[in-house]
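Input: a single structure, listed below in structure tokens.
The values are calculated or read from the model by the stated rules, or taken from the named source; none is laboratory data. Computed from a predicted structure; not experimentally measured. When we count neighbours, we look across all protein chains shown, and the Cβ atoms used for this are built from the backbone with ideal geometry, even at glycine.
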Amino acid sequence: MGRFLLIHGSCHGAWCWRDVIPALQALGHEARAIDLPAHGDDLTPAAEATLDGYAAAILTAIDGSVTLVGHSAAGYPITLAAERAPEKIARLVYLCAYVPAPGLSIIDMRRAGPRQTLTGAVRADTEGVTYSIDPGRARDCFYNDCPDDAVDYAMPRLCPEPIRPQSTPLPPLARWPDIERHYLICEDDRTIPPEYQRTMSASFPAGTVTSLPTGHSPFFAAPEMLARRLSDIASGYSAQPSQG
């Protein structure tokens with residue numbers, strides 16, 4: 001059936017897809033995840049991480065046409081990867097993710113949002129190379145509806161997030177607009193406001209935007225539901241209209 005490549009968001013790694021990969025495989029799909037540079041087991045120094053490097057890592061991991069799924073901040077590198085090699089991408093799925101706007105970086109987009117949910121929750125290091133989530137705020141921001149065992153698994157694996165890739169706007173997008181793309185809104189998201197997710201996906205074609213009744217981490221809160229939704233997308237089923 002389908003072939004999926006799953007891309008994590010800020011402070012995470014391939015480890016966050018631990019429950020979704022077997023759920024997709026149980027539905028007959030191939031699925032894998034990678035660590036972006038300076039995340040998870042990747043040893044790239046944070047100071048050397050770039051948005052270009054993220055996109056290159058994604059394209060290197062693709063050996064055939066895939067459904068490319070990007071969570072949260074991964075909306076930017078999956079878009080750049082698709083712009084550079086659209087022949088490798090069957091479709092893009094933005095999972096409560098930032099959809100690039102012309103001339104704006106992720107940081108710009110976060111500041112332009114309707115609510116600043118991360119105020120006081122993230123701290124830059126003294127050299128301004130990375131930021132980290134306050135451990136005391138991580139559960140409320142990322143895992144408000146996740147099982148305790150998933151939170152216990154995730155918390156020690158969170159890593160500092162390189163700032164440079166998130167302060168980099170994308171170049172003009174000439175080929176990305178022609179690629180099939182979908183958006184999954186997380187209705188109880190406490191990191192990227194759901195209303196902002198609707199704004200970012202407003203230009204997506206009819207039938208490509210739907211919602212999940214979860215917080216920011218559906219890969220832990222509802223992995224089977226997420227896998228089924230991804231399976232439906234890859235199989236060509238029309239999405240139900242998003243709620244609200």
For segment 118-134, enumerate the residues that are in contact with a Ser or Thr (Cβ under 7 Å, 6 or more places away or on another chain) and closer than 24 Å to Thr79 by Cα.
Leu118
Hey, does segment 222-237 have a residue that's under 26 Å from Gln116 (Cα atoms) and in contact with a Ser or Thr (Cβ under 6 Å, 6 or more places away or on another chain)?
yes
Taking Thr199, is it part of a loop (DSSP other than H, G, I, E, B), more than 23 Å from Ile89 (Cβ to Cβ) and of a type in the set (Ser, Thr, Tyr)?
no
Determine, yes or no, whether Leu24 is surrounded by 19 or more Cβ atoms within 10 Å (Cβ to Cβ) and in a helix (DSSP H, G or I).
yes
Spot the failing condition for Val93; the list is (1) β-branched (Val, Ile, Thr); (2) out of contact with any Phe, Trp or Tyr (no Cβ under 7 Å at 6 or more places or on another chain); (3) surrounded by fewer than 18 Cβ atoms within 10 Å (Cβ to Cβ), and only one is missed.
(3)
Criterion first (surrounded by fewer than 13 Cβ atoms within 10 Å (Cβ to Cβ), touching a residue at least 40 places away in the same chain (Cβ under 8 Å) and charged (D, E, K, R)) does Arg111 satisfy it?
no
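Could you count how many residues in segment 175-193 are touching a residue at least 24 places away in the same chain (Cβ under 8 Å) and more than 17 Å from Cys146 (Cβ to Cβ)?
Counting residues in segment 175-193 that are touching a residue at least 24 places away in the same chain (Cβ under 8 Å) and more than 17 Å from Cys146 (Cβ to Cβ) gives 10.
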Return yes when Ala81 is of a type in the set (A, V, I, L, M, F, W, C) and without any contact (Cβ under 8 Å) to a residue 60 or more places away in the chain and no when it is not.
yes
Candidates Thr168, Thr130, Thr79, Thr119, filtered to the one that is surrounded by fewer than 17 Cβ atoms within 10 Å (Cβ to Cβ) and either under 15 Å from the mean Cα position of the chain (by Cα) or among the hydroxyl-bearing types (Ser, Thr, Tyr) (or both)
Thr119
Failed criterion for Tyr237 (all others in (1) hydroxyl-bearing (Ser, Thr, Tyr); (2) at pLDDT 95 or above; (3) not in a helix (DSSP H, G or I) hold)
(2)
Return only the number of the condition from (1) surrounded by fewer than 23 Cβ atoms within 10 Å (Cβ to Cβ); (2) on the phi > 0 side of the Ramachandran plot that Ser72 does not satisfy.
(1)
